[in-house]
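In what follows, a structure is listed as structure tokens, so that the remarks can point back to it.
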Amino acid sequence: LAAGDPAEQAEIVNSARQAYERSPGSGAQLRYALMLATPGHASRDAAQARQLLRALSAQPEALAPVERAVTLLELARLDRELGLVGDNERLQALVLNNADQERLAAANRRLQSTLEENARLRHQVEELQAKLDAVVNIERNLTERKPNTEGRKK
């Protein structure tokens, strides 16, 4: 998603949105939320992604363990990011009102540190997503193999 051109990005996000609207189950909702949370494209909406992830985290029984982990990890990342954005806006207003450049520099350092942490967490999310995809493929293969095995036993 982040590596595609704007038309591809819009198509990917639109496809995920449509899948979520057609079938608002946990898998489609998680995919759509992760796409909205992904930086680097015009359709990014961290607040909506956080809202969707909070709804998912309120129903942990509807999620597979890996999905639950991805949901909680991404939700924590978004909470930190949006909290810092709010903090940064408040600090910038304070700096502008008080002409206090030192506070702005501190906020920027915290923001940079958080961005680095976010990059680390994004890498963890990608690893968990890869594991989730592997589990889905295994389950799909097992499901496809089952009818063939039952046919041979008869």
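Give the peptides 19-26, 52-59 in descending order of average Cβ contacts within 10 Å, highest first.
Details: 19-26: 13.2, 52-59: 16.9.
Final packing ranking: 52-59, 19-26.
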Check your understanding: By how many nm would the segment from ASP79 to VAL136 lengthen if fully extended, with 0.36 nm per residue of separation less the alpha-carbon distance?
Key -> 17.7 nm
Review point. Roughly how big is the chain's charge dipole about its Cα centre, with Cβ charges of +1 (Lys, Arg) and -1 (Asp, Glu), in debye to the nearest 20?
Key: 700
Practice item. For region 8-54, report the accessible area per residue in Å² (1.4 Å probe, heavy atoms, rounded to an integer). Key: 52
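Where a ≥ b ≥ c are the square roots of the eigenvalues of the C-alpha gyration tensor, would you call region 11-83 rounded, which needs a/c under 1.5, or, failing that, prolate if a/b is larger than b/c, or oblate? Numbers along the way, then the final one.
On the way: a/c = 2.00, a/b = 1.07, b/c = 1.88.
It is oblate, given that a/c is not under 1.5 and a/b is not larger than b/c.
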Revision key, fill the gap. Along principal axes, largest first, the alpha-carbon spread of the chain in whole Å comes out as 82, 31, 26
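Size of the dipole of region 60-148 about the Cα centre, Lys and Arg at +1 and Asp and Glu at -1 on the beta carbon, nothing else charged, in debye to 20? Each step should come with its number before you reach the end.
Values: 13 positive and 16 negative charges, 35 e Å.
Once rounded to the nearest 20, the dipole reads 160 debye.
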Check your understanding: Share of region 10-68's accessible area from carbon and sulfur, percent, 1.4 Å?
Key -> 49
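The values are calculated or read from the model by the stated rules, or taken from the named source; none is laboratory data. Source: prediction; values computed, not measured. For neighbour counting, all protein chains shown are included, and Cβ atoms are generated from backbone atoms with ideal geometry for every residue, glycine included. Surface areas here come from the heavy atoms of the whole protein model, side chains and all, with no ligands, DNA or RNA. Shrake-Rupley method; radii C 1.70, N 1.55, O 1.52, S 1.80 Å.
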